[in-house]
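Accompanying notes for the structure given below.
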Amino acid sequence: MKNFDIDKVRADFPLLKREVNGKPLVYLDNGATTQKPKVVIDAITGYYTDINSNVHRGVHYLSQISTDAFEVTRRKLRDFIHAKEDYEIIITKGTTDSINLVAQCYGKAFIQEGDEIVISAMEHHSNIVPWQMLCDEKGAVLRVIPMDKAGVLDQAVYAELLSAKTKIVAITYVSNALGTINPIKEMIQLAHQHGVPVLVDAAQAIQHMQLDVQDLDVDFLVFSGHKMYGPTGVGVLYGKEKWLNAMPPYQGGGDMIKDVTFAKTTYNELPFKFEAGTPNIEAGICLAAAIDYINDIGLDEIKAHEDALLAYATEKLNAIQGVRVIGTAAQKSSVLSFVVDGVHPYDIGVLLDKLGIAVRTGHHCAQPIMDQFEIPGTVRASLAMYNTKADIDTFIAGLNRALTMLL
Ligand code: PLP
């Protein structure tokens, strides 16, 4: 791998050097949030040290610098996901905010009583609840694509669910709880054959693989900065221009207007129409450093490294008696969820934490998945570019130790 030097990558992330509970940290909770490279941390300090000022408002020097920097991020985001236009990139608070924006605004314009919204059985709560709220408000119906025991969506049922009543499909690219990579290109094509737009939740894909919104022909794509080595409190809604123009604004306030009188307000153009109020300026500007960092290393290199690590970890985990991996699709990315018969996931998480190993336990904001597998939750180890085989070995040794105490 040409640019991929794992020692150098690890050295770029200051937090990885710390100890937890007297042990070197093994951070395997990357699905929840990733650590930040020093370039991002420095960018945040640099922002407050040198240019802090509001965007899109002042004529003064600093305001112009921060506005330019904010717009540089937008252009980098456009290039990162291969969007056609800068103004198709709406800068939001994160994935959840982006999905709520689409549910509210697309919902206002296009959803009526009796219409159907299709989601899948493996969605994060943030791609379920906003649609449920919309259905309640409008008298629309939520339809769910089922999945099998491996955590693979049933494409035949999906095809049957699409009808003249379907007004939008909202699916995850990669499941945060199972790791399944869905065949979204084919799923988008099928929806388009019925004239139905598709929202793809890329919260667990953007940091692991190349995405090209034009090649996918996706209508809306959403993700969060904090899961891609960037700051918290910033995220993206990519939307095709034709949809964004056809939707009413989300929130009212500064920046999203052209003219305000007490009689009437006219709205600003894209992307500002959807960006009311002062954004998270610091996070917006500093997300650019995370994009540069990922680009310097290369998503293909990152993917190859993480795929090899996932295969290694899966093999080691399967060799432990009593372990049942939840999510065994052929196409997976960076997530290892599992249960151990007779042991509560929480107890495993607590014991691993004592050893300095950070994993997540619980339902991972995907309760319907846990219901389908009839389990209270899983232990989830999720990978990032800086994880190593040594991390996996420590995790497996820790798990074995925890299990001898718990079983
Ligand atoms: N969708 C998926 C697949 C996720 O994994 C997450 C976060 O874990 C979200 C949506 C929500 O992201 P955020 O909390 O950053 O808005």
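The values are calculated or read from the model by the stated rules, or taken from the named source; none is laboratory data. Predicted model, so just to flag it, every value in this text is computed and none were measured. Here the Cβ is made from the backbone with ideal geometry for all residues, glycine too, and neighbour counts use every protein chain on show. Just so you know, the surface numbers come from the protein's heavy atoms only, side chains and all, with ligands and any DNA or RNA stripped out. Shrake-Rupley method; radii C 1.70, N 1.55, O 1.52, S 1.80 Å.
Annotation: peptides 34-44, 394-404, ranked by per-residue average of other Cβ atoms within 10 Å with the highest first, follow the order 34-44, 394-404.
Highest average first, the peptides 91-97, 278-284, 161-167, 53-59 ordered by how many other beta carbon atoms sit within 10 Å of their residues are 91-97, 278-284, 161-167, 53-59.
Take residue 365: with every protein chain present and a 1.4 Å probe, its accessible area is about 40 Å². Note on exposure: 75, 380 ranked by accessible area (1.4 Å probe, complete protein assembly) read 75, 380, with the most exposed listed first.
For residue 145, the residues 5 or more places off, or on other chains, whose built amide H falls under 5 Å of its own are 119, 120, 121. Positive contributions from Lys and Arg (+1) and negative ones from Asp and Glu (-1), summed over other residues with Cβ under 14 Å from the Cβ of residue 255, come out at 0.
Shown here for the range 1-95: GluC sites (Glu not before Pro) in loop regions (DSSP other than H, G, I, E, B) with at most 16 other Cβ atoms within 10 Å, namely 85. The length gained on full extension between residue 232 and residue 6, counted as 0.36 nm times the residue separation minus their Cα-Cα distance, comes to 78.9 nm. The local environment of residue 198, defined by Cβ-Cβ distances under 12 Å, has a net charge of -1 under the rule Lys, Arg +1 and Asp, Glu -1. Pairs with C-alpha atoms separated by more than 21 Å, drawn from the list 36/227; 240/332; 8/36; 93/138; 165/332; 303/332, are 240/332; 93/138; 165/332. Over all pairs of different C-alpha atoms in the range 41-295, the reciprocal of the mean inverse distance, the Kirkwood hydrodynamic radius, equals 18.8 Å. Taking a Cβ cut-off of under 12 Å around residue 280, the surrounding Lys, Arg, Asp and Glu residues balance to a net charge of -2, with basic ones at +1 and acidic ones at -1. Of all lysines in the structure, the ones whose alpha carbon falls short of 17 Å from that of residue 264, not counting any fewer than 8 places away in one chain, are 273.
The relative contact order of the range 41-295, computed from alpha carbon pairs under 8 Å that lie at least 6 residues apart in sequence, is 24 percent. Of the DSSP H helices in the chain, those with a Cα length along their own long axis of 18 Å or more and a mean Kyte-Doolittle hydropathy reaching 0.5 comprise 281-297, 389-406.
Per residue, the chain exposes an accessible area of 42 Å² to a 1.4 Å probe, with every protein chain left in place.
Applying a DSSP loop filter and a limit of 10 other Cβ atoms within 10 Å to the chymotrypsin sites (Phe, Trp or Tyr not before Pro) in the range 196-283 leaves 262.
Only protein heavy atoms count here; under a 1.4 Å probe, residue 141 has an accessible surface of about 60 Å².
Share of the range 257-407's accessible area from carbon and sulfur, percent, 1.4 Å? The C+S portion of the solvent-accessible surface of the range 257-407 is 52 percent. Within the range 102-152, the trypsin sites (Lys or Arg not before Pro) that combine a DSSP coil assignment with at most 10 other C-beta atoms in a 10 angstrom radius are 149.
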